[in-house]
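Okay, structure first, notes after.
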Amino acid sequence: MYTLSSKLRLFSIILVIIGALGLTYGFLSAPKTIEDVKEMAAHDAHGGGHGDAKATSGDHANESHVKEEAHGGDSHYEHTLHQLQNKPWAALYVAAFFFFMIALGVLAFYAIQFASQAGWSPVLFRVMEAITAYLVPGGIILFVILALSGFHVNHLFVWADETKVVGDKLLEGKASWLNGGWFIFRAAFFLGGWMLYRHFAVKYSRKQDEDTTGNKWYKKSFKIAAGFLVFFIYTESMASWDWIMSFDPHWFSTLFGWYVFASLFVSGITTIALITIYLKSKGYMDFVNDSHIHDLAKFMFGVSIFWTYLWFSQFMLIWYSNIPEEVTYFITRIEDYKLPFFGMVVMNFVFPLLVLMNSDYKRINWFVVMAGIIILCGHYVDIFNMVMPATVGESWFIGVTEISAVLLFLGLFLFIVFKALTKAPLLAKGNPYIEESKHFHY
Amino acid sequence: MASKVIHALYTDDDVLMDAVKQVRAEHYHIEEVYTPFPVHGLDKAMGLAPTRLAITAFMYGCVGLTVAITMMNYIMIEDWPQNIGGKPSFSYIENMPAFVPIMFELTVFFAAHLMVITFYMRSKLWPFKEAENPDVRTTDDHFLMEVDASHHDVDTMTSFLSNTGAVEIKVIDKQEDNH
């Protein structure tokens with residue numbers, strides 16, 4: 001049995017507190033009126049380093065000043081005001097979604113292990129089950145944020161603002177799908193379905209440990225895993241339209257669901273590898289050998305390539321056809337988000353490609369940890385790129401607010417996952433493939 | 001010089017694997033093992049050096065990538081620039097996304113084909129080559145281990161091999177240059 005060390009408990013609580021304080025600061029320091037924005041802009045013009053509102057580069061600052069003059073009047077300031085008011089909300093949303101999607105990715109990976117009757121992975125099942133424990137609290141938090149956004153308490157979704165929908169042909173056409181009530185009903189349905197599978201999957205897995213006769217519980221696990229995967233691939237796709245693609249409701253991409261899936265899948269697998277290596281280093285999982293780490297690293301490598309394939313497929317077709325209403329999505333990202341947009345391709349593709357290509361490197365734990373941390377950061381930036389351009393536009397910055405939001409959810413994630421690890425033995429000893437898994441070698 | 005080898009036949013890959021380990025533990029020299037299908041872990045048990053085919057694959061991939069870039073740059077940029085979809089092709093880097101599929105395909109094409117050819121050459125395989133299997137049953141359901149017996153007592157070796165689970169043991173005198 002794993003016991004949660006007081007150090008780790010304290011560490012995660014500190015992360016939550018620091019994150020909550022930083023995020024509160026982010027909300028409080030957001031400008032209230034146009035006058036506040038003007039004052040901030042004046043500060044910047046005088047070279048004062050004003051944390052969050054500061055532009056990211058010299059070029060950028062100049063560019064926004066040029067625009068300011070061109071716009072004239074208060075309309076520009078009002079625009080910036082809305083962006084800056086959105087900023088803490090968007091930071092909260094990105095972090096909440098990022099950690100939720102890790103748990104969801106692990107849940108899908110876990111179900112695939114059962115549906116495919118994999119023999120190599122049962123020694124990792126308890127780690128996967130613990131990570132999916134975050135699905136419930138993380139999902140509830142995400143649901144609350146979605147409800148607040150869907151009913152226009154904040155301005156994250158433009159379609160939630162009725163004054164914006166009126167007169168906009170595309171938004172009027174989509175209003176029967178994109179409206180607060182139906183949106184939140186769908187979210188509840190998706191989240192409820194996933195949590196339901198999680199509940200029974202873990203229950204059956206624990207029962208199988210106690211009573212292995214006839215593998216009765218294992219067979220049930222297999223059946224619900226197969227059913228869940230069908231449910232998942234539809235609902236995950238729709239959830240990614242609702243929760244991410246609808247930030248840009250005038251734009252759509254038909255492979256968006258797959259793209260988000262690749263992101264959440266690789267983040268989930270990476271987290272399994274990181275937590276397994278951590279537990280192994282603490283002497284808890286002696287039954288996990290190098291070959292298990294090797295296989296996880298292969299998945300990290302493979303799914304990273306898969307993510308790149310989808311990212312590029314989406315990008316190239318839109319770039320090549322150059323249709324104004326489509327290409328605007330990438331023009332915003334390349335003009336205002338050049339560094340995160342191309343930086344994420346380096347972090348999510350070039351880096352894992354070079355570091356994890358060699359077979360021997362996949363067995364070196366610190367190599368896998370290093371690659372894993374870069375991959376996780378890269379996929380945070382990926383979500384950032386999906387959400388920020390439509391919510392905060394050119395006023396983006398990764399500063400106190402964004403980092404605090406990540407720390408808050410990281411602390412919560414660590415606390416819940418490691419707490420869940422203490423609930424059951426680390427080896428799913430009743431699983432019929434457990435012996436094969438223990439002797440797995442590449 | 002005539003050398004003497006023993007052919008020991010097995011009917012199960014697990015038995016064969018154990019036998020290979022025992023033979024190596026006794027410090028007999030295994031010349032070759034003929035199997036009807038790849039046996040997982042046999043190369044490690046026989047103590048063969050790890051393959052360097054992966055390194056050649058990486059190098060061939062780099063060659064393919066270079067060929068693709070050079071070729072597309074010559075065809076689409078230098079020799080006959082065309083305006084496709086409002087994108088004048090006067091710069092390779094600005095048109096790069098359009099060339100990525102070709103760069104990818106040629107990388108894979110070169111790596112795959114040249115790696116297969118390298119594998120054939122390294123294994124001394126070519127069209128119309130006479131099979132080297134000493135026994136046709138190794139293409140069906142038997143596993144054959146060829147052990148060097150030149151400097152050992154044949155009787156001891158025979159009894160030792162039959163203890164490892166061999167179903168048939170043959171002593172062969174072969175010329176050095178008969179294959």
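Rule-based calculations on the coordinates, nothing more; no lab input. In this text the structure is predicted, and so the values were computed from the model without any measurement. We place every Cβ from the backbone using ideal geometry, glycine too, and count neighbours over all the protein chains shown.
Taking the Cα centroid of segment B:1-79 and of segment A:206-262, what is the distance between the two, rounded to the nearest whole Å? The two parts, judged by their Cα centres, are 40 Å apart. Dipole orientation for the protein assembly as shown: of the candidates A:Gly343, A:Val165, B:Thr107, A:Val165 has the Cα lying most toward the positive pole (charges on Cβ; Lys, Arg +1; Asp, Glu -1). In peptide A:316-323, how many Cβ atoms from other protein chains are near each Cβ within 10 Å, on average? Counting Cβ atoms of other protein chains within 10 Å of each residue's Cβ and averaging gives 3. Suppose the Debye formula is applied to equal point scatterers at every Cα of segment A:127-232; what is log10 I(q)/I(0) at q = 0.10, 0.12, 0.20, 0.24 Å⁻¹? Ignoring solvent entirely, the Cα scatterers give -0.44, -0.57, -0.99, -1.20.
Along the axis of the charge dipole computed for segment B:1-68 (Cβ charges of +1 for Lys and Arg, -1 for Asp and Glu, origin at the Cα centre), the listed residues B:Ala49, B:Thr11, B:Gly64 are led at the positive end by B:Gly64.
Across peptide A:276-282, the mean count of Cβ atoms from other chains lying within 10 Å of each residue's own Cβ comes to 0. Here the extension length gained between A:Ala42 and A:Thr328 equals 99.9 nm, from 0.36 nm per residue of separation less the Cα-Cα distance.
Remark: the protein assembly as shown carries a charge dipole of roughly 2040 debye about the Cα centre, counting +1 on each Lys and Arg Cβ and -1 on each Asp and Glu Cβ. For the segment A:359-368, counting C-beta atoms of other chains within 10 Å of every residue's C-beta and taking the mean gives 0.
Peptide packing: for B:57-66, A:201-210, A:89-98, the average count of neighbouring Cβ atoms within 10 Å per residue gives the ranking A:89-98, A:201-210, B:57-66, highest mean first.
Does anyone have the angle between helix A:400-421 and the longest principal axis of chain A? Alpha-carbon axes, 0 to 90°, nearest 10? Helix A:400-421 and the main axis of chain A meet at about 20 degrees. Rounded to the nearest Hz, the phi-derived 3J(HN,Hα) couplings of segment A:377-391 under the Karplus curve 6.51 cos²θ - 1.76 cosθ + 1.60 (θ = phi - 60°) are 4, x, 7, 4, 5, 4, 5, 3, 5, 6, 9, 5, x, 7, 9, where x marks glycine and proline.
Rounded to the nearest 10 degrees, the inclination of helix A:324-336 to the longest alpha-carbon principal axis of chain A is 90 degrees. Take the Cα radius of gyration of the protein assembly as shown and divide it by 2.2 N^0.38 Å, N being the number of residues; the result is 1.20. Note on chain A: with a GNM built from Cα contacts shorter than 10 Å, the maximum mean-square fluctuation among A:Gly19, A:Gly343, A:Gly411 falls on A:Gly343. When +1 charges are put on Lys and Arg Cβ atoms and -1 charges on Asp and Glu Cβ atoms, the dipole computed for chain B relative to its Cα centre reaches about 740 debye. Peptides B:125-131, A:431-437 ranked from most to least packed by the mean count of surrounding Cβ atoms within 10 Å: A:431-437, B:125-131. Give me the percent relative contact order of segment A:240-393, please, defined on Cα pairs under 8 angstrom at least 6 residues apart. Here the relative contact order equals 33 percent.
Projecting the Cα atoms of A:Leu23, A:Gly302, A:Met386 onto the dipole axis of chain A, where Lys and Arg carry +1 and Asp and Glu carry -1 at the beta carbon, places A:Gly302 farthest toward the positive end. Look at A:Val106, A:Val260 and count the other Cβ atoms within 10 Å of each Cβ; fewest to most, that gives A:Val260, A:Val106. Once C-alpha pairs closer than 8 Å and six or more residues apart are averaged by separation and normalised to the residue number of chain A, the relative contact order reads 34 percent. Only the Cβ atoms of Lys and Arg (+1) and of Asp and Glu (-1) were treated as charged; on that basis the dipole of segment A:382-441 about its Cα centre amounts to roughly 440 debye.
From the Cα gyration tensor of segment A:216-314, with a ≥ b ≥ c the square roots of its eigenvalues, which class applies: rounded if a/c is under 1.5, or else prolate if a/b is larger than b/c, or else oblate? Cα axes put segment A:216-314 in the oblate bin.
Among A:358-368, B:83-93, A:140-150, how do they line up by average Cβ neighbours within 10 Å per residue, starting with the highest?
A:140-150, A:358-368, B:83-93
Dividing the summed helix terms, -39500 (n - 2.57) for each DSSP H run of n ≥ 4, by the number of residues in the protein assembly as shown produces a 222 nm estimate of -21500 deg cm²/dmol to the nearest 500.
3J(HN,Hα) couplings calculated from phi for segment A:115-129 with the Karplus curve 6.51 cos²θ - 1.76 cosθ + 1.60 (θ = phi - 60°) are, in sequence order, 5, 8, 6, 5, x, 8, 9, x, 5, 9, 4, 5, 5, 5, 4 Hz; Gly and Pro show x. Roughly how far apart, in whole Å, are the Cα centres of segment A:292-310 and segment A:386-412? Answer, in whole Å: 26.
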